[in-house]
Amino acid sequence: MSGTYLGMPAFPVAAHEAVNDPTLRGNLRHATHTIRAKAVAEVSDWDALREAGKQIKDHTLRHLDRYLIQLEEAVTRAGGTVHWAADADEANRIVTELVKETGESEVVKVKSMATQEIGLNEALEAEGIHAYETDLAELIVQLGKDRPSHILVPAIHRNRAEIRDIFRREMGAWGRPAPEGLTDTPAELAEAARLHLREKFLRAKVGISGANFMVAETGTLVVVESEGNGRMCLTLPETLISVVGIEKIVPAWRDLEVFLQTLPRSSTAERMNPYTSMWTGTTDGDGPRTFHLVLLDNGRTDTLADEVGRQALRCIRCSACLNVCPVYERAGGHAYGSVYPGPIGAILSPQLRGTASAIDASLPYASTLCGACYEVCPVAIDIPEVLVHLRERVVEGGETVRGGNKVLLKPAKGHAAERAAMRAARWTFSHPAALRTGQRLASRSRRFHPRTLPGPGRAWSETRDLPALPAEPFRDWWQRTNGGKDGAK
């Protein structure tokens, strides 16, 4: 993963600045509370749908090699061409060459997290090719020279007044300028974007998309969206290039029945998304004449090798976990230093990119482990479990897979005290006599205990009250009262 996110500071540093921005916090609080999934409660068999989605994804990941080959064969039979990209550089090279072959210098894009992940826009720009985002929120981000901060609503950190100012200031340099006297009324802002984008749609010869799902048995790709920009990008250009992560595949057409119910309800709290676009290869006289599918790995097979962490690849990018996360609501998406923010980003980015950088080593700690993300996930990803697993990897190091090869990670710097404390705790809990002695000493000396911890523990206790120790350890109380049968309390 590359692009504008590299070189960012660790999450605590980036989050500190965001938490002290009252405008940002207000925007995030209003937006996340507005789009929280209330439509889920209407579905009587939601738990069954959730389990079905989990099972479909897990089955697919276990047999990913077979289904990817089946997908390639189906797409090829339907008139498409499949390309395999091991990493971001290879994917960018493939797409850039495909665009150059058309002779065009402009492309229109459907919102695609995979292309953001690999930094495709920057790679195209370096070759003199202008990529125009057509999703309204992505357009706002692009015009504002900004970065996405949410999976579903990339411009969630902007309010209406800020968007109006961006449109007034930047639209003219990118194409049709904003109307005179543009206000911050949502209808006027949407109309200004529609007029601006319509020229792009009608002129573009090349479209670039991602996909929410790929169906192995038919070679069909699926995009779900709310605005209709995707439908325009997928049907009007002469050439369509889709860049999709290999984990987005499902085995059969009937599997879509599950996800087309759970995805919109979990993302926008809608019973059904307004636009569901599907395409299978090419068809004479209907849609693009040339179709290319770029299957992107970029760390996904490495993630698949981790028995605990691989469940992150179930993600269908609904953003439900972001909308309930107390950390995301206060820190915003930019602090995560990745195109994948929030709880899912905290477990996905360190696996796709590794934990060598400060930002990636800190992401597993960007959580309270409250479990709200797991409760709302429509494919039952146990995000807290993976967070704890990745924290262990950061602190202890150990064997993992990078670039398809097993490597031995060294423990991260700055965690020596934590490692020492956990090893001491492990030794104590495995020696009952030592544990009993320690408990008695702690109880008898409790009046002398400080209110805050010294040294490295100070950061923890500055924002938390240390738990009060009882006057008597539980083991002693149990023995003295015969397990409470003597009536003592």
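Kindly indicate whether Val308 is open to solvent by 10 Å² or more (accessible area, probe 1.4 Å), closer than 28 Å to Val407 by Cβ and more than 14 Å from the chain's Cα centre (by Cα).
Numbers: open to solvent by 10 Å² or more (accessible area, probe 1.4 Å): yes; closer than 28 Å to Val407 by Cβ: yes; more than 14 Å from the chain's Cα centre (by Cα): yes.
Judged against the criteria, Val308 is a match.
For the range 287-305, filtering for residues that are open to solvent by less than 20 Å² (accessible area, probe 1.4 Å) and either free of Cβ contacts under 8 Å to residues at least 24 places away in the same chain or not in a helix (DSSP H, G or I) (or both) leaves 8. In the range 203-250, of all residues being out of contact with any strand residue (DSSP E or B) (no Cβ under 8 Å at 6 or more places or on another chain) and under 15 Å from Leu68 (Cβ atoms), the one that is least open to solvent (accessible area, probe 1.4 Å) corresponds to Glu247. The requirement of being farther than 16 Å from Glu106 by Cα and either in a helix (DSSP H, G or I) or modelled with pLDDT under 95 (or both) is satisfied by Leu195.
I need the helices (runs of 4 or more DSSP H) fully contained in the range 412-489, keeping only those with at least 2 residues that are open to solvent by 60 Å² or more (accessible area, probe 1.4 Å), farther than 30 Å from Leu363 by Cα and not small (Gly, Ala, Ser).
Values: elements: 416-429, 432-444, 458-461, 474-480.
Ranges flagged: 432-444, 474-480.
Residues in the range 337-362 that are over 10 Å from the mean Cα position of the chain (by Cα) and part of a helix (DSSP H, G or I): Pro350, Gln351, Leu352, Arg353, Ala358, Ile359, Asp360, Ala361, Ser362. Looking at the range 27-35, is at least one residue surrounded by fewer than 16 Cβ atoms within 10 Å (Cβ to Cβ), of a type in the set (D, E, K, R) and at pLDDT 85 or above? No: zero hits. Evaluate the following for Arg169: is it loosely packed, with under 15 Cβ neighbours inside 10 Å, under 20 Å from Asp146 (Cα atoms), over 28 Å from the mean Cα position of the chain (by Cα) and not small (Gly, Ala, Ser)? Yes, satisfied.
The single residue among Glu106, Glu90 that is over 20 Å from Gly245 (Cα atoms) and acidic (Asp, Glu) turns out to be Glu106. Scanning the range 172-189 for residues that are touching an Asp or Glu at 6+ places or on another chain (Cβ under 7 Å), open to solvent by less than 60 Å² (accessible area, probe 1.4 Å) and at negative phi yields one hit, Leu182.
Scan the range 97-104 and give yes if some residue there is open to solvent by 10 Å² or more (accessible area, probe 1.4 Å) and touching a Pro at 6+ places or on another chain (Cβ under 7 Å), otherwise no. Working first, answer last.
Our first condition is that a residue be open to solvent by 10 Å² or more (accessible area, probe 1.4 Å); within the range 97-104, this holds for 97-98, 100-104.
Then keep just the ones that are touching a Pro at 6+ places or on another chain (Cβ under 7 Å); that gives none.
Checked the range 97-104: no residue is open to solvent by 10 Å² or more (accessible area, probe 1.4 Å) and touching a Pro at 6+ places or on another chain (Cβ under 7 Å).
Note on the range 201-233: residues that are in a loop (DSSP other than H, G, I, E, B) and of a type in the set (Asp, Glu) amount to 2. If you go through the range 267-282 and keep only what is among the polar types (S, T, N, Q) and part of a loop (DSSP other than H, G, I, E, B), you end up with Thr268, Asn273, Thr282.
With (1) more than 23 Å from Ala85 (Cα to Cα); (2) modelled with pLDDT under 95; (3) touching a helix residue (DSSP H, G or I) at 6+ places or on another chain (Cβ under 8 Å) as the list, and Val339 as the residue in question, which single condition is left unmet? All conditions are met except number (1). Under the condition of being of a type in the set (S, T, N, Q) and open to solvent by 10 Å² or more (accessible area, probe 1.4 Å), which residue from the range 332-381 is nearest to Ala10 (Cα to Cα)? Out of the qualifying residues, it is Ser362.
Criterion applied to Val388, Val376 was being closer than 30 Å to Asp45 by Cβ and of a type in the set (A, V, I, L, M, F, W, C), and the one residue passing it is Val376.
The values are calculated or read from the model by the stated rules, or taken from the named source; none is laboratory data. Model, not experiment: these values are computed from the prediction. With ideal geometry, Cβ positions are generated from the backbone for all residues, glycine too; neighbour counts draw on all protein chains shown. Remember, those area values only see protein heavy atoms, side chains included, never the ligands or the DNA or RNA. Shrake-Rupley method; radii C 1.70, N 1.55, O 1.52, S 1.80 Å.
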